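Data block below; observations after.
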Amino acid sequence: MALIGQDISPPDLVAKVTGRAKYAEDFRAEGMVFAKLLLSPMPHARVRKIDVSRALAMEGVLGILRADEVPQADAPGESALTDEPKYVGEPILAVAAITETIAADAIEAIDIDLEPLPFTIDPLASLAPGGPNARLEGNTLTFGERGRELKSVKWTSSDFESLSEGRLPMGEPTDEWSHGDLDSAFDDADHVVEDTIIHQSLTHHPMEPRSSMAYWDNGKCYLYASTQSTQRAHAGTANQLDLDPSDLVFVGQYCGGGFGSKIAGSPINSITALLAKKIQRPVMLRITRYEENYIGRGRPGFQSWVRMGFRKDGKITAIDLYIIQDHGPYGRSGDYNTAGAITDLMYQPDAMRFRGITIYTNTPPRAAMRGPGGAQIVAMLEPLVDKAARELGIDRLAIRRMNVPDSDSRFGPNRGQLTGAFVREAIDAGADKFGWAEKSQLSGQRNGTKVTGVGIGVSPYVGGSSGFDGLLVIRPDGKLYIHHGIGNLGTHSMADCGRAAADVLGLEWEDCQVIWGDTSQNLPYSSVQAGSQTAHAHTRANHAAGLDLKQKLQEIAAATLGGSANSYRTSRGRVSGPGGSISFAQAAQRAIELGGKYSGEVLPDDINQVTTASATALSGQGVMGVAKDNFSHDGSTYSWVIGFAVVELDVETGDVQIVDYTGSADCGVVLHPRSLGAQIHGGSVQGFGQARSQKWVLDPKWGVPFSHRLYTARPPGILDVPLKMEWAAAGVPDPENPVGIKGIGEPPVGAGSAAVTSAIADALGGKCLCRTPLTTDVILAELQGRQPPHQLTEIHI
Amino acid sequence: MSGVETPVASTTSGHSRRTFIKGVVATGAAVSSSNYLFRASEGLSASERVRSTLPQLVTLSVNGQSRSVDILPQETLAMTLRYKLGLTGTKLGCDRAECGACTVIIDGVTHYSCSVLTKTVRDRAITTIEGLESPDGTLHPVQQAVVDEGGFQCAFCAPGFIMSMVALTNDHSNPTREEAAQALSGNLCRCGDYNKILNSAMRAAEYARRTV
């Protein structure tokens, strides 16, 4: 029986329940000392002078690392330490001391003179005539004919006049695309909805703050850090430290959550490594929750406007979308562009125009957060689709079924195609599981002070990449060793993806060993564990390596027992054919004797050099399967989750309880049912937090954050979610993955968020408040007919 | 005044460092990493300050064993467990009683070990995640239930949740799902795996009933 599709207990679970699992802060080294960071108290400043003499003179202080001692990135890149901090909480320097208390006291003894610089926390404030720029070089980044360019963009006062009419100002964008004839598509519409919609920025806040420990031994750096993607974090960190990859050992066996904030290592890790090198002692840098809020990344917020045209029957004819992205001070996230493409994908309008601009602000740095761009836009637009459905008298499920794409649909500026889309199947499976027919009747029902709202959120996201390597060895103990360079976020992909190889060979899971999380253990070139890539990319890579291994086993059996290679079959640890049968253990021994390609002494030409180095180190230990994923991958791979929610809204208090939730996926073949349920539910719960409670509050006068802890940023607790949640899956194989699997990490966040924003609008009688998070005060103001507690485009409030 | 105008008006004027810091202090949000560590009070005399920062040898009862350890007066139990006793299973997620990752059981009651001073638990029975397994390696019924349900994702919160589940199953032989949720509401899971965590808790209660 195939392992794919079965529930398994992942190989790391006993370590997790006994406390033996070691996360970065759990490692110790002989002579280990502690570091603390000096963080900027200002949103934008320049260091005029720093006097560290009092700190260095303190007993127990071992050294200080300054910005000029760490690699400085070119603008608009981010460096681990800086003398021009661009947000409150940005690290300026680090101190190492024999105890953490001494290090903290030393930070207090540093005399620092900062020159305040202009700052902004609101993109529109920066776009206004004469408005401040978050960076000295400008307020946006464009990719034009001259390549990457930092620019200062200001709109005119007339651009801002729309504010008085309750509409987002929309000056000249830096990004624009369209398809179809927008004007005539709006002419075709029988009904138009239009609104200004605000989506907040929020911190990822994984449970494990990004602490790290490092030491050097004989010129080699050993770094223990939290990462989503071991092999890629290794490569990235070696690059940051200007080290040959062979001189860095990166250990990250367990990652206490990342959600996009720890994709390939954090800049902060290089502080630990460089400070350890400077003082020649192992250094532990513990990151507090408070610091995590600043340096731990956040999701970009949107100030946006949309107009959507509908035919009488519910078909969407035209969409005009404008997004201003609030981006923090560094880099450039593609969230706003992705949101445009996803809008076109999920609603399939005859014509669409997207316009957008990303603006730097002096707020914590942004990074991809689970479903970047998609998770924001679906929560913003789905309540508007409800509004149109209500006004047109169409069932809300029917309007979505009508507009979603199928496998032949095209989308986005380049009219890209999909590998396949089975969204209607997923909608139907979810509606059935949830009981849409009955539960949609609860809409508007009043019970005491509580009104019931029912919502749906359709959420697509990219579900897989390709072209990575698989690396397998069967050793003379007869076991299959699956080497994985992806991380261990608890999605179980580091275990589950190996099942594609085991299935090719007909092996039981007990005969498989997964090797992961430590780059000294010879890991192959891998995808980042982000963007729902791994379940797709690494089932493919392991399938490829499994086929290579199977071929070698067959050839070894034929050479040993006679007959042709392809007349041999592999099953349950044996290769059997016309000449009899040998065990995998015997074949592994034989491979060592034969050498060459069988034991990894001769390697394929097309594998990545990282894989070549790892395979070379593993050669001669058994029979090796090693291959690049060269399977066809025609079209974009998208997965979908449709969220169905019931909420109870208390009209006296404005409180909202989510009492029922079902998530239904189109993610190809179900790789691991229980883990799929966990991804759908867990992502949706993150979406609940986004829809309801998680936000930033920044003082507009001083640029100082107030919501810098968990209780002020309020992720959902166990009492904020339904007592029991359900899931379903369409289960249609993806045509462009030989094992039919698509990734599923991203789309549930948008589904959960959108189902809740949709359900709250439903409970309010179809009123779209067009803003997240829908906190109790916002809802209560609406219920009581008061002015909302915020201005139209106001953010971080 | 619109939300746009406010920051424009206030940020173009420029501030001196002095007014800036005054403003920040007034809002109570100054950034200082040492705010997060216990330290000797400024008001103490020199001799008192020395005394208050000297380590003191105490004996703790941890997982049924008597452990002697040098502690500082301001030291939290989480730090003692993790940095003095090698018990790194207890996690620090926030260090401020917000997340529950550091939950341990003291005399049968769950506590956030980040918010318990070690010197206050000298005569108390402390149980951590490492103390649940039998010496022969048999998992505690709660641990077994989590394994059988495939509970948790990143699992950084797992040790804290599991300690809360142990306290729950010790106190309630047959909790409802709602009672289980109430008992676990002091623990945060950012992966949002609450459905599977509750499944694990209900199975744990079932296993605990069988072993009684």
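The values are calculated or read from the model by the stated rules, or taken from the named source; none is laboratory data. Keep in mind that what you see is a predicted model, and the values were worked out from it rather than measured. Glycine also receives a Cβ, built like all others from the backbone with ideal geometry; neighbour counts cover every protein chain displayed. Calculation scope for accessible area: heavy atoms of the full protein, side chains included, ligands and nucleic acids excluded. Shrake-Rupley method; radii C 1.70, N 1.55, O 1.52, S 1.80 Å.
Here are the numbers for the structure shown:
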{"quantity": "Matching residues in the stretch B:69-96 - criterion: being away from every other protein chain (no Cβ under 13 Å) and not in a strand (DSSP E or B)", "calculated": "B:L77, B:T80"}
{"quantity": "Residue in the stretch A:725-735 that is more than 20 Å from the chain's Cα centre (by Cα), under 27 Å from A:T653 (Cβ atoms) and not β-branched (V, I, T) present", "calculated": "yes"}
{"quantity": "Which listed residue is within 23 Å of the chain's Cα centre (by Cα) and at positive phi, from A:G668, A:G663", "calculated": "A:G668"}
{"quantity": "Residue satisfying all of: in the stretch A:168-195; under 21 Å from A:L384 (Cα atoms) and of a type in the set (V, I, T); most open to solvent (accessible area, probe 1.4 Å) among these", "calculated": "A:V192"}
{"quantity": "Conditions (1) of a type in the set (S, T, N, Q); (2) closer than 21 Å to A:Q325 by Cα; (3) touching a residue at least 60 places away in the same chain (Cβ under 8 Å); (4) within 12 Å of chain B (Cβ to nearest Cβ): number failed by A:S178", "calculated": "(4)"}
{"quantity": "The lone exception for A:Y87 - which of (1) surrounded by fewer than 17 Cβ atoms within 10 Å (Cβ to Cβ); (2) over 30 Å from B:A158 (Cα atoms) it fails", "calculated": "(1)"}
{"quantity": "Only listed residue being more than 28 Å from the chain's Cα centre (by Cα) and in contact (Cβ under 8 Å) with a residue 24 or more places away in the chain, chosen from A:T120, A:T101, A:T140, A:T156", "calculated": "A:T156"}
{"quantity": "Cross-chain or 6+ apart pairs with Cβ under 8 Å, the stretch B:114-135 first and touching a residue at least 24 places away in the same chain (Cβ under 8 Å) and open to solvent by less than 50 Å² (accessible area, probe 1.4 Å), then among the polar types (S, T, N, Q) and assigned to a loop (DSSP other than H, G, I, E, B)", "calculated": "B:I126/B:N63; B:T127/B:N63; B:T128/B:N63; B:T128/B:T90; B:I129/B:T90; B:G131/B:N63"}
{"quantity": "Any chance A:Q325 is part of a strand (DSSP E or B), surrounded by 24 or more Cβ atoms within 10 Å (Cβ to Cβ), in contact (Cβ under 8 Å) with a residue 12 or more places away in the chain and over 18 Å from the mean Cα position of the chain (by Cα)", "calculated": "no"}
{"quantity": "Any hit, the stretch B:78-87, residues being in contact with a Gly (Cβ under 8 Å, 6 or more places away or on another chain), in contact (Cβ under 8 Å) with a residue 60 or more places away in the chain and surrounded by 20 or more Cβ atoms within 10 Å (Cβ to Cβ)", "calculated": "no"}
{"quantity": "Test: residue in the stretch A:653-662 that is in contact (Cβ under 8 Å) with a residue 40 or more places away in the chain and within 30 Å of A:V739 (Cβ to Cβ)", "calculated": "yes"}
{"quantity": "Hits in the stretch A:706-715 (condition: more than 7 Å from chain B (Cβ to nearest Cβ) and open to solvent by less than 10 Å² (accessible area, probe 1.4 Å))", "calculated": "A:S707, A:A713"}
{"quantity": "Wholly within the stretch B:97-212, strands (runs of 3 or more DSSP E) carrying at least 3 residues that are out of contact with any Asp or Glu (no Cβ under 6 Å at 6 or more places or on another chain)", "calculated": "B:103-106, B:109-112"}
{"quantity": "Selection count where residues are in contact (Cβ under 8 Å) with a residue 60 or more places away in the chain and crowded, with 17+ Cβ neighbours inside 10 Å, scope the stretch A:12-36", "calculated": "14"}
{"quantity": "Criterion: more than 11 Å from chain A (Cβ to nearest Cβ), without any contact (Cβ under 8 Å) to a residue 12 or more places away in the chain, more than 18 Å from the chain's Cα centre (by Cα) and open to solvent by 10 Å² or more (accessible area, probe 1.4 Å) - qualifying residue of B:S61, B:S66", "calculated": "B:S66"}
{"quantity": "Residues of the stretch A:727-775 that turn out to be assigned to a loop (DSSP other than H, G, I, E, B) and among the β-branched types (V, I, T), as a count", "calculated": "5"}
{"quantity": "Number of the condition not met by A:G743 [criteria: (1) modelled with pLDDT under 95; (2) away from chain B (no Cβ under 13 Å)]", "calculated": "(1)"}
{"quantity": "Options A:L285, A:L241: the member that is buried (at least 24 other Cβ atoms within 10 Å of the Cβ) and in contact (Cβ under 8 Å) with a residue 24 or more places away in the chain", "calculated": "A:L285"}
{"quantity": "Single match in A:V669, A:V641, A:V659, A:V685 (criterion: farther than 30 Å from A:F119 by Cα, surrounded by 24 or more Cβ atoms within 10 Å (Cβ to Cβ), away from chain B (no Cβ under 11 Å) and out of contact with any Leu (no Cβ under 6 Å at 6 or more places or on another chain))", "calculated": "A:V641"}
{"quantity": "Residue in the stretch A:115-122 that is open to solvent by less than 20 Å² (accessible area, probe 1.4 Å), over 23 Å from A:P209 (Cβ atoms), within 12 Å of chain B (Cβ to nearest Cβ) and β-branched (V, I, T) present", "calculated": "yes"}
{"quantity": "The stretch B:168-212, subset hydroxyl-bearing (S, T, Y) and surrounded by fewer than 24 Cβ atoms within 10 Å (Cβ to Cβ), residue nearest to the chain's Cα centre (by Cα)", "calculated": "B:S185"}
{"quantity": "Where a residue in the stretch A:50-70 is among the basic types (K, R) and its partner, wherever it lies, is surrounded by fewer than 16 Cβ atoms within 10 Å (Cβ to Cβ), with Cβ under 9 Å and at least six apart", "calculated": "A:R54/A:D111"}
{"quantity": "Contacts under 8 angstrom Cβ, first residue in the stretch A:753-780 being within 26 Å of A:P460 (Cβ to Cβ) and hydroxyl-bearing (S, T, Y), partner open to solvent by 20 Å² or more (accessible area, probe 1.4 Å) and not in a loop (DSSP other than H, G, I, E, B), 6 or more apart", "calculated": "A:S758/A:R396"}
